[in-house]
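K.L.:
Would you mind keeping the following structure in view while I ask a few things?
The values are calculated or read from the model by the stated rules, or taken from the named source; none is laboratory data. Model, not experiment: these values are computed from the prediction. Note that each Cβ is placed from the backbone with ideal geometry, even for glycine, and that neighbours are counted across all protein chains shown. Ligands, DNA and RNA are stripped out before the accessible areas are found, and what is left, the full protein with its side chains, is counted by its heavy atoms. Shrake-Rupley method; radii C 1.70, N 1.55, O 1.52, S 1.80 Å.
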Amino acid sequence: MYRADKLYNDMMAVDEAIRNLKVTDEASLAEYFRLYMELIFNHKWIGSVYDIYADHAEIHRENGVYLDGAHEMMKDTLKLTSAFPDMTVSMRDTFAVKQADGSYKLWRYFTMSGTNKTYSIYGPATNKAIDPNACIAMSMATVKEISGRWQIVKEFVMYSIDELRATCTGAPESAEEEAAE
């Protein structure tokens, strides 16, 4: 089997798992979003951002960055994954809690790994790898069913922006590392 066939088959297996998953409780909702994170980041199916974010979702990122809706989140995700074409995420924990109004509060904790192989918002590629132990992301979101799809309507998400910046600029990540140089 060719490598491209394996990559395609792996991606389609995740897509099929999503299509076959029936969201009936907290655990199945958390799994639904875990699978979508895998599809978006690990398989670069970036358009799936539109499946899990509402058109006018309120997305609050670290340092006061605000993204208005699915399209802004897709562009932000595309910039990140373009700079790290081999980026993968590893879910460390995810869970959901059902609310009285039928919505869910979704919490996700994951790490990122990958190599800065192309241009980023910080400049040319450094070919430096992200330290997955330092590149931690957390998300707390409100999820509602909209037109038969479970979508994030409000999210507070924080990436380890200092680790991403250091990886993309080649700058030391800490005072200790700077002193060692």
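K.L.:
With springs only between Cα atoms under 10 Å apart, run a GNM on the chain and tell me which of Thr88, Thr118, Thr167 wobbles the most.
P.N.:
Thr118
K.L.:
How much mean residue ellipticity at 222 nm does the chain get from its helices, if each DSSP H run of length 4 or more adds -39500 (n - 2.57) and you divide by all residues, to the nearest 500 deg cm²/dmol?
P.N.:
Working: 6 runs with 64 residues, N = 181.
Theoretical 222 nm ellipticity from helices: -10500 deg cm²/dmol.
K.L.:
Further, regarding this structure: On average, how much area does the Cα convex hull of segment 45-86 cover when viewed from any direction, in nm²?
P.N.:
Details: hull surface 12.3 nm².
Average of the hull's projected areas for segment 45-86 equals 3.1 nm².
K.L.:
Taking amide hydrogens as modeled 1.01 Å from N in the peptide plane, which residues meet the under 5 Å criterion relative to Lys154, leaving out close sequence neighbours?
P.N.:
It is Glu58, Thr142, by chain and number.
K.L.:
Rank Phe95, Ser120, Tyr50 by how far each Cα sits towards the positive end of the charge dipole of the chain (+1 on Lys, Arg Cβ; -1 on Asp, Glu Cβ) and give me just the farthest.
P.N.:
Tyr50
K.L.:
By per-residue mean of other Cβ atoms within 10 Å, what is the highest-first order of 148-155, 50-57? Don't skip to the answer; put the middle values down first.
P.N.:
On the way: 148-155: 17.0, 50-57: 18.5.
The densest-packed peptide leads the list: 50-57, 148-155.
K.L.:
Please state the Cα pair-distance histogram of segment 1-82 with 10 angstrom bins from zero: what percent is in each bin?
P.N.:
17, 41, 32, 9, 1
K.L.:
Once the dipole of the chain is set up with Lys and Arg at +1 and Asp and Glu at -1 on Cβ about the Cα centre, which of Leu67, Leu164, Thr24 lies farthest towards its positive end?
P.N.:
Result: Thr24, furthest along the dipole toward the positive end.
K.L.:
Once you keep just the Cα pairs under 8 angstrom separated by 6 or more residues, what percentage relative contact order results for segment 1-117? All intermediate terms of the calculation are to be shown ahead of the outcome.
P.N.:
On the way: 144 pairs, mean separation 25.0, N = 117.
It rounds to 21 percent for segment 1-117.
K.L.:
Sorted by accessible area with a 1.4 angstrom probe, largest first, how do Met12, Met138 fall? Mind showing how you got there, number by number?
P.N.:
Values: Met12 50, Met138 75 Å².
Ranked list, largest accessible area first: Met138, Met12.
K.L.:
Moving on to the next point. Candidates [x] 29, 20, 14; [y] 42, 17, 13; [z] 24, 20, 16; which is the computed semi-axes √(5λ) of the Cα gyration tensor in Å?
P.N.:
Computing semi-axes √(5λ) of the Cα gyration tensor in Å and matching it to [x] 29, 20, 14; [y] 42, 17, 13; [z] 24, 20, 16 gives [x].
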